[in-house]
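Here is the structure we will look at.
The values are calculated or read from the model by the stated rules, or taken from the named source; none is laboratory data. Predicted, not measured: the structure shown is a model, and the values here were computed from it. With ideal geometry, Cβ positions are generated from the backbone for all residues, glycine too; neighbour counts draw on all protein chains shown.
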Amino acid sequence: MDLGIAGKRAAVAAASSGLGLGCAKALADEGVRVAICSRDRERVENAAATIGGSVVPLVADVSTPEGASRFVEAAIEALGGVDILVPNAGGPPPGNFASTPIDAYPRALDLNLMSVVAMCSSAVPAMQERGWGRVVAITSLSVRQPLPNLILSNTARAGATAFLKTLAREVAADGVTVNSVQPGLHDTPRVQQTGMAASGRPMGSADDFGQVVAFLCSEQARFTTGVQLHVDGGDYAGLQ
């Protein structure tokens, strides 16, 4: 299927590995010009080389609102604009209510909430002016089903989801769609490092996840907005 996005320009955050890299690959395969970022120059350049095509590697730290804005601004400068934005960042440290100090929350909110707000603030107004844009944020299944020992991630990503849903309604008439994709367990370096791969839960691939994100960026998905789509192999246990 031709997704109708060849020639578009995308900024995919935190895409030197894992789900971000899977998204960047899927978009590049559709003929999208992609800018990706990582805090490490060697890692992001190696990732760009694995994707091939006209992928632009950028060094940026999206764990703060300022760094997130700078990444989008650099992508706009490199590509001449951004039509597709994929906000993404790593997760905060694990912990529960008893073990997590209150001063850990602001950094987690910067990482998984305010970085999303900052990237959208830098990219969406120009999308509105052009009458076309796609925002597909990578969040977590924990938004629907809070995960044990991840209180910081559960809290921050729920806030990001509320922001994205609100934004979707505000910009829908301008031809801009705003969705989020909630991964369950996928075979990524982070999952391997945490040992969750041995949990026995179904595990997807980053490349398959990227294909879902690419579809939400497509012309066919022009009327799909404000959606929180869980991509989890049936792991979510709720009915809604």
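Whether any residue in the stretch 168-182 is surrounded by 15 or more Cβ atoms within 10 Å (Cβ to Cβ), modelled with pLDDT of 90 or more and acidic (Asp, Glu) is what I want to check.
Yes: the stretch 168-182 contains one or more residues that are surrounded by 15 or more Cβ atoms within 10 Å (Cβ to Cβ), modelled with pLDDT of 90 or more and acidic (Asp, Glu).
Return the total of residues in the stretch 40-81 being hydroxyl-bearing (Ser, Thr, Tyr) and under 13 Å from residue 28 (Cα atoms).
Narrowing the stretch 40-81 to residues hydroxyl-bearing (Ser, Thr, Tyr): 50, 54, 63-64, 69.
Checking the rest, the ones that are also under 13 Å from residue 28 (Cα atoms) come to 50, 54.
Result for the stretch 40-81: 2.
Go through the stretch 223-240 and give me each residue that's over 17 Å from residue 161 (Cβ atoms) and either modelled with pLDDT under 90 or touching a Lys or Arg at 6+ places or on another chain (Cβ under 8 Å) (or both).
Taking the stretch 223-240 and keeping what is over 17 Å from residue 161 (Cβ atoms), we get 223, 233-235, 237, 239.
Of everything in the stretch 223-240, those that are over 17 Å from residue 161 (Cβ atoms) and either modelled with pLDDT under 90 or touching a Lys or Arg at 6+ places or on another chain (Cβ under 8 Å) (or both) turn out to be 233, 234, 235, 237, 239.
For the stretch 205-213, check the following and say yes or no: at least one residue is crowded, with 18+ Cβ neighbours inside 10 Å, modelled with pLDDT of 95 or more, among the hydrophobic types (A, V, I, L, M, F, W, C) and assigned to a loop (DSSP other than H, G, I, E, B).
The answer is no, given that none of the residues of the stretch 205-213 is crowded, with 18+ Cβ neighbours inside 10 Å, modelled with pLDDT of 95 or more, among the hydrophobic types (A, V, I, L, M, F, W, C) and assigned to a loop (DSSP other than H, G, I, E, B).
Could you list, in sequence order, the residues of the stretch 15-43 that are surrounded by 24 or more Cβ atoms within 10 Å (Cβ to Cβ) and aliphatic (A, V, I, L, M)?
Scanning the stretch 15-43 gives 15, 19, 21, 24, 26, 27, 32, 34, 35, 36.
Could you tell me how many of the residues in the stretch 59-79 are over 17 Å from residue 118 (Cα atoms) and crowded, with 18+ Cβ neighbours inside 10 Å?
Result for the stretch 59-79: 1.
Within the bounds of the stretch 114-136, is there any residue that is surrounded by 15 or more Cβ atoms within 10 Å (Cβ to Cβ), over 17 Å from the mean Cα position of the chain (by Cα), at pLDDT 95 or above and of a type in the set (Ser, Thr, Tyr)?
no
Could you run through the stretch 108-145 and say how many residues are part of a helix (DSSP H, G or I), among the charged types (D, E, K, R) and under 20 Å from residue 177 (Cβ atoms)? Before you say what the answer is, go through the steps one by one.
Quick first cut of the stretch 108-145, residues part of a helix (DSSP H, G or I) only: 108-130, 141-143.
From what's left, among the charged types (D, E, K, R): 110, 129-130.
Now narrow it down to the ones that are under 20 Å from residue 177 (Cβ atoms): 129-130.
The number of residues fulfilling the criteria is 2.
Is there a residue in the stretch 151-164 that is loosely packed, with under 15 Cβ neighbours inside 10 Å, touching a residue at least 12 places away in the same chain (Cβ under 8 Å) and not aliphatic (A, V, I, L, M)? Step through it out loud before you land on a result.
Going residue by residue through the stretch 151-164, those that are loosely packed, with under 15 Cβ neighbours inside 10 Å are 162.
From what's left, touching a residue at least 12 places away in the same chain (Cβ under 8 Å): none.
No, because not a single residue in the stretch 151-164 is loosely packed, with under 15 Cβ neighbours inside 10 Å, touching a residue at least 12 places away in the same chain (Cβ under 8 Å) and not aliphatic (A, V, I, L, M).
State all residues of the stretch 77-113 that are without any contact (Cβ under 8 Å) to a residue 60 or more places away in the chain and among the aliphatic types (A, V, I, L, M); if no residue qualifies, say none.
78, 98, 102, 104, 108, 109, 111, 113
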